[in-house]
1. Restricting attention to region 1-25, and to residues there that are hydrophobic (A, V, I, L, M, F, W, C) and under 13 Å from the mean Cα position of the chain (by Cα), which single residue is farthest from F73 (Cα to Cα)?
2. Can you give me the number of residues within region 52-61 that are loosely packed, with under 15 Cβ neighbours inside 10 Å and not in a loop (DSSP other than H, G, I, E, B)?
3. Identify, by number, the condition in (1) free of Cβ contacts under 8 Å to residues at least 60 places away in the same chain; (2) under 15 Å from G81 (Cβ atoms); (3) hydroxyl-bearing (S, T, Y) that T9 doesn't meet.
4. Going by the structure shown, is S37 small (G, A, S), surrounded by 11 or more Cβ atoms within 10 Å (Cβ to Cβ) and at pLDDT below 95?
5. Looking at (1) over 19 Å from S60 (Cα atoms); (2) touching a residue at least 60 places away in the same chain (Cβ under 8 Å); (3) among the hydrophobic types (A, V, I, L, M, F, W, C), which one does M1 not meet, given that it meets all the others?
6. Go through (1) crowded, with 18+ Cβ neighbours inside 10 Å; (2) assigned to a helix (DSSP H, G or I) and name the single condition A42 misses.
7. Here is a list of conditions, (1) loosely packed, with under 12 Cβ neighbours inside 10 Å; (2) modelled with pLDDT under 95; (3) acidic (D, E), and D20 meets all of them except one; can you say which number that is?
8. Among (1) modelled with pLDDT of 90 or more; (2) within 18 Å of K14 (Cα to Cα); (3) not in a helix (DSSP H, G or I), where does V86 come up short?
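The values are calculated or read from the model by the stated rules, or taken from the named source; none is laboratory data. Fair warning: this is a prediction, and the values are worked out from it, not measured in the lab. Cβ placement follows ideal geometry from the backbone for every residue including glycine, while neighbour counts extend to all protein chains displayed.
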Amino acid sequence: MKHYKVIKTDDFKKDFKKLDNSIQILILKYIKKLENSTDPKAYGKQLSGNLAGEYSFRVSDYRILAIIEDNEFKIYAIKIGHRSKVYDIQEIQYNLKK
């Protein structure tokens, strides 16, 4: 069985750098777990509405928003942030248009 590769977007990297070191360590461990998985969808929650097609992965009080490409065995990590702010659709749409 093939494992997935996590691709971090520029926006993800920018958000990641703003986080505390302890949270960064937790997130890196979680990403490693996703990369070792043959079914990353089992760890996440499929989103609906304006974020349909994306998945949310819970790491403590933070969420990783990602798009999973099964045919390529890739996970595109597009956004990370505190659960109270990460789902702000206007900011996500703005960043995707760049």
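1. Let us first name the residues in region 1-25 that are hydrophobic (A, V, I, L, M, F, W, C), namely 1, 6-7, 12, 16, 19, 23, 25.
Imposing the further condition that a residue be under 13 Å from the mean Cα position of the chain (by Cα) reduces the set to 6-7, 12, 16.
Values: V6: 9, I7: 11, F12: 19, F16: 23 Å.
Here the answer is F16.
2. Filtering region 52-61 for residues loosely packed, with under 15 Cβ neighbours inside 10 Å gives 52-53, 58, 60-61.
From what's left, not in a loop (DSSP other than H, G, I, E, B): 58.
Residues flagged as loosely packed, with under 15 Cβ neighbours inside 10 Å and not in a loop (DSSP other than H, G, I, E, B) within region 52-61 amount to 1.
3. T9 satisfies every listed condition except (1).
4. Values: small (G, A, S): yes; surrounded by 11 or more Cβ atoms within 10 Å (Cβ to Cβ): yes; at pLDDT below 95: yes.
Yes, satisfied.
5. Single failed check for M1: (2).
6. Tallying (1) crowded, with 18+ Cβ neighbours inside 10 Å; (2) assigned to a helix (DSSP H, G or I), A42 fails exactly one: (1).
7. Looking at each condition in turn, D20 falls short on (2).
8. Tallying (1) modelled with pLDDT of 90 or more; (2) within 18 Å of K14 (Cα to Cα); (3) not in a helix (DSSP H, G or I), V86 fails exactly one: (1).
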